[in-house]
Amino acid sequence: MCLESSDFSPLPIDELKKYIPALLELIDRKSVSIDELKERLVPVFCGITMAAPFIQADRYLFRVVEWEEKPVHLRQLWCPPPEKLVTLGRANRQSQPMFYCSSSPAAAFLEVGAQPGKHYAVSIWKTRTRFPVNTAGYIEEVYTQSRTCKDIPDWVTTKESKWCNERNRLVVRFMREQFTKRVLPGQEHLYRMSIAIAEKQCEQDLFEGLMYPSIAAAARADNLAIKPSCAESRLEFIKAEYAVVEAIAEDKISLEVIDIANALSDAGTIRWLGGAPKWTIREDGQQLIFSVENRQWVARDISGKTVEPEMGPRAAILAFPEQHHDDSSSGSLSRDP
């Protein structure tokens, strides 16, 4: 899907090149509101064509939340309630939460600034049906400047003139800079421009959220900011893991998984298993055959007898796949885990 913005006459390209830097100077002025920035964005978006892919059904999404104590209820894995959201976020105002998630578990950890020694809950969700999202910051240089140049979505590299023109590239580059900016605690006012962009991109009911490349993961994954109403209806809880980060390297994250949950009670209580299942080969030549049954791993020996796992902490390593797009032209995200 593509959308063209033409409500007003586009600025001449030379004027647009001057207009965007002047607009950026307003970010440091705390007196300038998000609504005022949205009004000033109208000339920026006028006359551009944007990709608006669908997130396909049966896709897995990952969300990470820092918790010193193991969470007990699903709401602790969800976006915070409006009354507790007191700071601005990448795509949300105060008291207006969005469901942030990533197409890769490793990217989800990097996006929250995970640190060794800290505890996190990672939840895995599956899309029930497909839904449309708008995009921000997808341009070839995002990939060619990283190590994912061979993994560029088709709708980024299309050679149609309406996509590959100077105006489009100028505006997409501007959006990319806002959605990849590092913002330190206490400087949340710098999010006002990305919030204004997100609201402009998603203000139509047509879109259920915004997708943008994860620069924390060197564009090897996608981030999503999904409207909570969409997340409630379109996402299905699959699994949660509680883990402590042991080490973070350039391409992988080492964890100790403390506990796993594959189900919830009717009231939303997380049913932790009391540890992470693991199987140990105790005899030379022993073989185990694994399958997934009722969302859980089951191991059997060669005679078909079920082998029960031991429960306890388990080491795990999260790494990025060689490619993270299956069929970007149809809006699909990550490979199934």
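Take region 160-193 and flag every residue that is free of Cβ contacts under 8 Å to residues at least 12 places away in the same chain and touching a strand residue (DSSP E or B) at 6+ places or on another chain (Cβ under 9 Å).
Selection gives E160, N165.
Looking at (1) of a type in the set (A, V, I, L, M); (2) under 14 Å from F237 (Cα atoms); (3) surrounded by fewer than 17 Cβ atoms within 10 Å (Cβ to Cβ), which one does V72 not meet, given that it meets all the others?
Condition (2) is where V72 drops out.
Could you check region 271-297 and list, in sequence order, the residues that are in a strand (DSSP E or B), at pLDDT 85 or above and closer than 20 Å to F237 by Cα?
R271, W272, A276
The conditions are (1) touching a Pro at 6+ places or on another chain (Cβ under 7 Å); (2) closer than 17 Å to M175 by Cβ, and C79 fails exactly one of them. Which is it?
With respect to (1) touching a Pro at 6+ places or on another chain (Cβ under 7 Å); (2) closer than 17 Å to M175 by Cβ, C79 is out only on (2).
Identify, from the list A243, A225, A216, A198, the residue that is out of contact with any helix residue (DSSP H, G or I) (no Cβ under 7 Å at 6 or more places or on another chain), under 18 Å from V64 (Cβ atoms) and of a type outside the set (S, T, N, Q).
That would be A243, the only listed residue that is out of contact with any helix residue (DSSP H, G or I) (no Cβ under 7 Å at 6 or more places or on another chain), under 18 Å from V64 (Cβ atoms) and of a type outside the set (S, T, N, Q).
Would you check if there is a residue in region 194-203 being of a type in the set (D, E, K, R), surrounded by fewer than 15 Cβ atoms within 10 Å (Cβ to Cβ), touching a residue at least 24 places away in the same chain (Cβ under 8 Å) and not in a helix (DSSP H, G or I)?
Looking for residues that are of a type in the set (D, E, K, R), surrounded by fewer than 15 Cβ atoms within 10 Å (Cβ to Cβ), touching a residue at least 24 places away in the same chain (Cβ under 8 Å) and not in a helix (DSSP H, G or I), one finds none in region 194-203, hence no.
Which count do you get for residues in region 173-216 that are of a type in the set (D, E) and either at pLDDT 90 or above or under 16 Å from the mean Cα position of the chain (by Cα) (or both)?
Selection size over region 173-216: 3.
Hey, does region 234-248 have a residue that's free of Cβ contacts under 8 Å to residues at least 60 places away in the same chain and surrounded by 15 or more Cβ atoms within 10 Å (Cβ to Cβ)?
Of region 234-248, the ones free of Cβ contacts under 8 Å to residues at least 60 places away in the same chain are none.
Checked against the condition, which is being free of Cβ contacts under 8 Å to residues at least 60 places away in the same chain and surrounded by 15 or more Cβ atoms within 10 Å (Cβ to Cβ), region 234-248 yields no hits at all.
Here are the criteria: (1) of a type in the set (V, I, T); (2) in a loop (DSSP other than H, G, I, E, B); (3) at pLDDT below 85. Tell me which single one I302 does not satisfy.
Evaluating I302 over (1) of a type in the set (V, I, T); (2) in a loop (DSSP other than H, G, I, E, B); (3) at pLDDT below 85 leaves (3) as the failure.
Looking only at region 59-91, which residues are closer than 22 Å to I195 by Cα and assigned to a loop (DSSP other than H, G, I, E, B)?
W78, C79, P80, P81, L85, V86, T87, L88, G89, R90, A91
Considering region 31-74 alone, what residues qualify as being more than 22 Å from A106 (Cα to Cα) and of a type outside the set (A, V, I, L, M, F, W, C)?
S31, S33, D35, E36, K38, E39, R40, P43, G47, T49, P53, H73
Within region 239-253, how many residues turn out to be under 20 Å from the mean Cα position of the chain (by Cα) and in a strand (DSSP E or B)?
Looking only at that region, the number is 9.
Out of all the residues in region 40-58, which are outside any loop (DSSP other than H, G, I, E, B), buried (at least 18 other Cβ atoms within 10 Å of the Cβ), out of contact with any strand residue (DSSP E or B) (no Cβ under 7 Å at 6 or more places or on another chain) and not aromatic (F, W, Y)?
Hits for region 40-58 are L41, V44.
Might you let me know whether region 17-24 holds any residue that is among the aliphatic types (A, V, I, L, M), in contact (Cβ under 8 Å) with a residue 24 or more places away in the chain and in contact with a Phe, Trp or Tyr (Cβ under 7 Å, 6 or more places away or on another chain)?
Yes, region 17-24 contains a residue that is among the aliphatic types (A, V, I, L, M), in contact (Cβ under 8 Å) with a residue 24 or more places away in the chain and in contact with a Phe, Trp or Tyr (Cβ under 7 Å, 6 or more places away or on another chain).
The values are calculated or read from the model by the stated rules, or taken from the named source; none is laboratory data. These numbers were taken from a predicted model, which means no experiment stands behind them. Glycine also receives a Cβ, built like all others from the backbone with ideal geometry; neighbour counts cover every protein chain displayed.
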